Amino acid sequence: MEFKHVSVLFEESIEALKIKDDGIYVDGTLGGGGHSHGILSKNSLCKLIGIDRDKEAIAAASARLSAFSDRVTIVRNNFSQIKNILSELGINKIDGAVLDLGVSSYQLDNASRGFSYMNDANLDMRMNTDSEKTAYDVVNSYSCEELTRIFYEYGEENWSKRIAEFIVDKRKDKNIETTFELVDIIKAAIPKKARMEGGHPAKRVFQAIRIEVNNELGILEDAIKDFIQSLNKGGRLAVITFHSLEDRIVKKTFQELAKGCTCPKEFPVCMCGGKPEIKIISRKPILPSQKEIEENSRSKSAKLRIAEKL
């Protein structure tokens, strides 16, 4: 299957970086290389580091960016390791970075990866196919309490406990092996009236399991702080999120870094000496245009937030 992924909020995120001639930029979620191609095409002198943990993404992006090979370094790793990656490359600071969070269109559409509730496949959902933990492990080994927690916290699923109970009861007979088996259990657990409301009844549970398998939220706050610390003065970080949990972490982390002072509000003057590290460029998130949503329905929930290093 050809690796295809339409970069969401493409023009907005490229413009946000304010790319300059001698700049070094990082695409922390390389995917098919869409944002990277945009950065390299915008300026004929800048250099780029592309990072992804998916070896299929690495292969696709390497081919797409081959014309820029003298200006591109591609690394298979997790963007949360940005400081180590830059250190190993002998790079002290960068001038900008983009993070396009979540799952790619290719990963969703490739049935064998097990990300989609619309295709039948083995339960997998690993962004890094060399990782040990899979969706199968989560579904078949987590306790009812653990499943309830991740469905509620990561999926914001109102029927978390009932779905978890149905899963635990079903696996007493045999392990749950495929995406469609899991979808059928979820549908059985959610009352018919509730199933008729909103989107696909399995959407939130699949999101929750994917986040758990890939530790997507666990790495985000520290990764953002590491990216900010890796920026030169005036450098920018652009982060695209696709659900409220991610966006909440990005917003909160940006606000914390922009505030600086951590003293209690009742203190008349600052005693901690904390200084703001960033200026928030987008007080409100930048949303896709109606035209983009019509052309790519998966962009509907996307939000772009931008911060500039002080």
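The values are calculated or read from the model by the stated rules, or taken from the named source; none is laboratory data. Source: prediction; values computed, not measured. Here the Cβ is made from the backbone with ideal geometry for all residues, glycine too, and neighbour counts use every protein chain on show. Note: areas computed on protein heavy atoms with side chains; ligands, DNA, RNA excluded. Shrake-Rupley method; radii C 1.70, N 1.55, O 1.52, S 1.80 Å.
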### Query
If you take all C-alpha pairs in region 206-275, what percent of them are over 22 Å apart?
37 percent
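Just the accessible area per residue of the chain, please: how many Å² with a 1.4 Å probe?
Result: 49 Å² of accessible area for each residue.
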## Note on the structure
Within the under-13-Å Cβ sphere about Lys47, not counting Lys47, Lys/Arg +1 and Asp/Glu -1 give a net charge of -1
### At 1.002 mPa s and 20 °C, Stokes diffusion of the chain via Kirkwood alpha-carbon radius, µm² per second
104 µm²/s
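For Cys46, Cys270, write out the residues from largest to smallest accessible area, computed with a 1.4 angstrom probe and no ligands counted. Spell out each step's value before the answer.
Working: Cys46 0, Cys270 70 Å².
Sorted descending by solvent-accessible area, the residues read Cys270, Cys46.
Test of the criteria: in region 1-52, which GluC sites (Glu not before Pro) are in a DSSP loop and have at most 16 other Cβ atoms within 10 angstrom of their Cβ?
Counting only loop positions with at most 16 other Cβ atoms within 10 Å, the GluC sites (Glu not before Pro) in region 1-52 are Glu2.
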### Task
Evaluate E = 1/(1 + (r/R0)^6) for Leu45 and Ser297, where r is the Cβ-Cβ distance and R0 equals 22 Å; express this FRET efficiency to the nearest 0.05.
0.05
## Note on the structure
Taking Cα atoms only, Rg over Rh for region 164-310 with Rh from the Kirkwood formula is 1.12
### Percent carbon-and-sulfur accessible area, region 238-299, ignoring ligands, DNA and RNA, probe 1.4 Å
57 percent
### Summary
Once the in-chain neighbours fewer than 8 apart are removed, the lysines whose Cα is under 18 Å from Lys172 read Lys161
### Query
Which whole-number value in Å³ per residue fits the convex hull of the alpha carbons of region 143-240?
117 Å³
### Query
What net charge is computed for the residues neighbouring Leu245, neighbours being all others with C-beta under 13 Å from the C-beta of Leu245, Lys and Arg scored +1, Asp and Glu -1?
-2
### Segment Ala63-Arg283, extension gain: residue separation times 0.36 nm, minus the distance between their alpha carbons
75.5 nm
## Note on the structure
Note to self, the chain gives a 222 nm [θ] from helices alone (DSSP H runs n ≥ 4, -39500 (n - 2.57) apiece, / all residues, nearest 500) of -11500 deg cm²/dmol
### Task
Pop the C-beta distance of Cys144 and Asn215 into the FRET formula with R0 = 30 Å and round what comes out to the nearest 0.05.
0.90
### Task
Pop the C-beta distance of Met118 and Thr73 into the FRET formula with R0 = 30 Å and round what comes out to the nearest 0.05.
0.25
### Query
Expressed in nm to one decimal, what extension gain is obtained for the pair Lys55 and Leu89 from 0.36 nm per residue of sequence separation less their Cα-Cα distance?
10.3 nm
#### Entry: Most to least packed among 166-177, 85-96, 201-212 [average Cβ atoms within 10 Å]
201-212, 85-96, 166-177
### Gain in span if fully extended, Lys187 to Lys203, counting 0.36 nm per residue against the direct Cα distance
4.7 nm
### Task
Taking every pair of Cα atoms in region 26-167, average 1/r, invert it to obtain the Kirkwood radius, and report Rg/Rh to two decimals.
1.07
